[in-house]
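K.L.:
So that we are looking at the same thing, I have put the structure below in structure tokens.
The values are calculated or read from the model by the stated rules, or taken from the named source; none is laboratory data. A quick note: this is a predicted structure, and the numbers were derived from the prediction, not measured. Cβ placement follows ideal geometry from the backbone for every residue including glycine, while neighbour counts extend to all protein chains displayed.
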Amino acid sequence: MKKGLVLVMVSGIMVVITILAVAALNLMTVESRTAEHKIRRTRAYFAAQAGVVDRFEALRRNLVAMPTVGNPRILNNLPNGNINGYTVRTVIVTRGDNTVVGGINYACPAAAPSPSCIFATVEYQ
């Protein structure tokens, strides 16, 4: 009788340990995916920031013409290619104007402190 009881107790403990191990593995997988997504999002953010800085520099050097009302400058490729493996689209819109590019509305408010607004978008998954 005691040998059978020990077998049942050991089997029950093994089931509990297995369930805890599976739950810990599942939690680690979810955390890993979350961390990977956060890394991609951060890289995409800084790639977009680099795109804005690049366009400011291009405007400063007169390499890109300033847009006119109703005629935004849509610049998909940066001179040096991708940034961090992301293709950055930059859009320059005049003050008080808006445009839709790729389903995204870019609106530069009429009260903007500069004559135009620079937007940068990066697609990531």
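Residue-by-condition table, conditions (1) in contact (Cβ under 8 Å) with a residue 24 or more places away in the chain; (2) surrounded by 11 or more Cβ atoms within 10 Å (Cβ to Cβ):
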residue	(1), (2)
A47	yes, yes
D54	yes, yes
N62	no, no
R73	no, yes
G96	yes, yes
G102	no, yes
A120	yes, yes
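K.L.:
Sticking with this structure for a sec: Return the residues of the range 55-74 that are closer than 14 Å to V91 by Cβ, at pLDDT 80 or above and either assigned to a loop (DSSP other than H, G, I, E, B) or not small (G, A, S) (or both); say none if nothing qualifies.
P.N.:
Residues satisfying the conditions are R55, F56, L59.
K.L.:
I'd like to check something: does the range 28-40 contain any residue that is in a helix (DSSP H, G or I), of a type in the set (K, R) and closer than 30 Å to L75 by Cα?
P.N.:
Looking through the range 28-40, at least one residue is in a helix (DSSP H, G or I), of a type in the set (K, R) and closer than 30 Å to L75 by Cα.
K.L.:
Right, here's the next one. Taking I19 and the conditions (1) in a strand (DSSP E or B); (2) out of contact with any helix residue (DSSP H, G or I) (no Cβ under 7 Å at 6 or more places or on another chain); (3) not basic (K, R), which numbered condition does it fall short on, given that it satisfies the others?
P.N.:
All conditions pass for I19, except number (1).
K.L.:
Among all residue pairs at least 6 apart or on different chains, which show Cβ distances below 6 Å where the first residue, located in the range 82-94, is within 16 Å of T68 (Cα to Cα) and the second is among the aromatic types (F, W, Y) and not in a loop (DSSP other than H, G, I, E, B)?
P.N.:
V91/Y106; V91/F119; V93/Y106
K.L.:
If I ask for residues that are more than 15 Å from A58 (Cα to Cα) and either at pLDDT 75 or above or of a type in the set (G, A, S) (or both), which ones from the range 75-84 would you list?
P.N.:
The answer is I83, N84.
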